[in-house]
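Student: Got a structure for you, written out below as structure tokens; questions coming shortly.
What follows is calculated from the coordinates using simple rules that are stated; it is not laboratory data. Computed from a predicted structure; not experimentally measured. Here the Cβ positions follow ideal geometry from the backbone for every residue, glycine too, while neighbour counts run over all protein chains shown.
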């Protein structure tokens with residue numbers, strides 16, 4: 001039996017969503033609604049792997065949901081919900097904790113980066129985070145996951161977990177009528193207009209929620225004045241813009257800003273440089289500021305409108321969770337039967 005084409009992806013409600021999240025993920029998620037069965041989650045259980053202020057976390061869950069909706073996710077086309085409303089995420093994660101191997105988790109570079117030198121004081125949740133991510137995806141037996149480059153390793157672990165589960169319980173899975181295995185080998189989808197948006201203060205670093213400088217990123221909550229100011233203050237070099245992409249080599253800040261312009265205008269880098277090549281950065285940055293405001297200010301206004309009506313946002317999450325739970329419960333019932341747990 002072939003697997004139905006289904007997309008799953010999600011974002012943590014920690015810190016401000018920014019331009020990198022929008023161009024690297026949300027734009028692509030919106031497009032995939034027209035071609036796939038999509039499940040989009042606010043992964044709030046992942047957020048608590050590190051301590052969060054409870055009141056701030058509740059607010060952030062609504063803010064990320066508002067960003068999803070303002071960017072164009074349609075809760076009638078896609079399932080939009082927050083992870084903690086569907087208990088099967090945690091239930092399947094425990095099964096996967098028992099399937100995954102310590103050696104696999106020891107190789108996860110993100111744990112080493114987030115735990116730093118004080119890894120003995122890191123939470124068990126932060127260490128086991130990839131098993132919960134695998135559960136998030138495989139609970140819906142998703143065949144495709146739009147991910148950034150930094151999440152590829154976790155998706156590889158998801159595939160390892162799926163393969164080991166399918167192999168360990170092959171007789172039970174086949175007896176249940178799943179000839180191709182129960183869980184799919186989920187494929188990454190690394191695409192979008194700008195899959196790697198860099199810091200506005202340092203073109204060698206990825207744009208990040210956690211950067212100490214707010215001028216390093218354009219937040220989706222920024223108003224028109226803040227967006228324009230951040231673009232105009234973005235780090236550049238003294239050279240004029242080149243007329244072709246090869247001239248951007250070794251010029252990370254210039255390459256980043258040109259890539260952002262290309263993504264926001266839905267044009268190629270070549271087309272952008274054909275227009276602005278040979279000109280001064282000040283002229284280009286003014287044009288980029290105007291474009292960024294035109295594209296992002298309406299999204300910001302829509303987010304503000306949605307956040308002013310928390311009852312509506314909560315209703316979207318409640319409805320989405322009810323729809324998600326139908327799929328999740330069916331998956332967990334099969335998993336319990338396959339593993340040998342009573343239900």
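Student: So what is the 222 nm mean residue ellipticity for the chain from helices alone, if each DSSP H run of at least 4 adds -39500 (n - 2.57) and you divide by all residues, rounding to the nearest 500 deg cm²/dmol?
Tutor: Details: 14 runs with 178 residues, N = 343.
Per the formula, -16500 deg cm²/dmol.
Student: For the stretch 16-41 and the stretch 270-343, what is the separation of their C-alpha centers, rounded to whole Å?
Tutor: Using only Cα atoms to place each centre, the spacing works out to 5 Å.
Student: What is the gain in length, in nm to one decimal, between residue 336 and residue 90 on full extension, counting 0.36 nm per residue of separation less the C-alpha to C-alpha distance?
Tutor: Details: separation 246, 0.36 × 246 = 88.56 nm, distance 1.39 nm.
Gain on stretching residue 336 to residue 90: 87.2 nm.
Student: For the ranges 73-81, 154-162, 235-243, 293-301, what's the packing order if you count other beta-carbon atoms within 10 Å of each residue, average per peptide, and put the highest first?
Tutor: 154-162, 73-81, 293-301, 235-243
Student: Antiparallel as a % of all DSSP beta bridges within the chain, to the nearest 5? Intermediate values should be presented prior to the final figure.
Tutor: Working: 2 of 16 bridges.
Within the chain, antiparallel bridges account for around 10 percent of the total.
Student: Find the all-direction average of the projected area of the Cα convex hull for the chain, expressing the result in square nanometres with one decimal place.
Tutor: That works out to 18.5 nm².
Student: Moving on. For the chain, set up a Gaussian network in which alpha carbons nearer than 10 Å are linked by springs, and say which option among 291, 17, 102 fluctuates the most.
Tutor: Looking only at 291, 17, 102, the largest GNM fluctuation is found for 102.
Student: Identify the residues of the stretch 39-81 with backbone N under 19 Å of a label point that sits 7 angstrom from the Cα of residue 322 along the Cα-to-Cβ direction, or state none.
Tutor: Zone members listed by number: 39-42, 74-81.
Student: Right, next: Taking 1 over the mean of 1/r across every pair of different Cα atoms in the stretch 222-305, what Kirkwood radius in Å do you get? The partial results should precede the final answer.
Tutor: Details: mean 1/r = 0.0762 Å⁻¹.
Across the stretch 222-305, the inverse of the average 1/r is 13.1 Å.
Student: What is the extension gain from residue 309 to residue 202, computed as 0.36 nm multiplied by their sequence separation minus the C-alpha to C-alpha distance, in nm to one decimal? Walk me through the numbers before you get to the answer.
Tutor: Values: separation 107, 0.36 × 107 = 38.52 nm, distance 3.70 nm.
That pair, residue 309 and residue 202, stretches by 34.8 nm at full extension.
Student: Moving to a separate point now. Below 8 Å between Cα atoms, with a sequence gap of 6+, how large is the relative contact order for the stretch 222-305 in percent?
Tutor: Working: 81 pairs, mean separation 36.4, N = 84.
After rounding, I find 43 percent.
Student: Considering the Cα positions of the stretch 43-183, please state its Rg to one decimal place and its Dmax as a whole number of Å.
Tutor: Cα only, the stretch 43-183: 16.6, 48 Å (Rg, Dmax).
Student: Right, here's the next one. Just want to confirm a number: the relative contact order over the stretch 151-214, from Cα pairs under 8 angstrom separated by 6+ residues, in percent. Intermediate values should be presented prior to the final figure.
Tutor: Values: 34 pairs, mean separation 15.4, N = 64.
Over the stretch 151-214, the number comes to 24 percent.
Student: Relative contact order (percent) for the stretch 142-287, with alpha-carbon contacts under 8 angstrom and 6 or more residues of separation? Walk me through the numbers on the way to the answer.
Tutor: Working: 163 pairs, mean separation 29.7, N = 146.
This gives 20 percent for the stretch 142-287.
Student: Can you give the angle from 0 to 90° between the axis of helix 310-339 and the longest principal axis of the chain, with both taken from C-alpha atoms, to the nearest 10?
Tutor: Helix 310-339 sits at roughly 40 degrees to that axis.
Student: With r as the distance between the Cβ atoms of residue 56 and residue 239 and R0 = 45 Å, compute the FRET efficiency 1/(1 + (r/R0)^6) and round to 0.05.
Tutor: Details: r = 43 Å, r/R0 = 0.95.
So the FRET efficiency works out to roughly 0.60.
Student: Output the 0 to 90 degree angle, nearest 10, between the alpha-carbon long axis of helix 88-99 and the longest principal axis computed from the alpha carbons of the chain.
Tutor: 70 degrees
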